[in-house]
Amino acid sequence: MEIHEIPYICVAEAGSFTTAVHLFQPLLSQQIIKLQDELGAELFHRFYPKIRLTGVGQTFFSGTQNALRDISSAKAEVHEMTASGTLKMGAIPTAQSTGDSIWFGDLQFGDNS
C-alpha cells in the first residue's frame, strides 16, 4: 500500500472529506484523485457535504482494511519475536542474610533462531 492510499481510508471511514480532519482537504483531495486515476475508477459518490462509497470503492475499502489488519498482525508478530521481557526474582530472607551471591548468567527466552 502506498502513502496516497491512506487518505482514502480516512475519508471512507469519516464519510466526508471535511470530517477527515487529520489531513488538509486540498492535499487529501489531490491524493484521492491520484488514487482514482491509478485505479481507473471512481471510489466515491459525492453528496455535499457527505460521500458514499461506490461499489468499487467498497471493494477497495474492504481490501485496504484487510491489508491494515495484516500489517498490524505482522507488526505484533515481529514485536513478539524481538521484545525483551522483564524478569522479576525474589529470595527468601535466609538466602539474603547469608551474603551468598547467586549467578544466573545470561538469560535468554524464546526462539532466537
Item checked: Residue ID - nearest to the chain's Cα centre (by Cα), chosen from residues in the range 17-72 that are of a type in the set (Val, Ile, Thr) and part of a helix (DSSP H, G or I) -> Ile71
Checklist line | Residue tally, condition of a type in the set (Gly, Ala, Ser) and within 13 Å of Glu13 (Cβ to Cβ), over the range 42-56 | finding: 0
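Rule-based calculations on the coordinates, nothing more; no lab input. The structure presented is a predicted model; accordingly, all values stated were derived computationally and were not measured. Here Cβ is always computed from backbone atoms with ideal geometry, including for glycine, and neighbour counts include all displayed protein chains.
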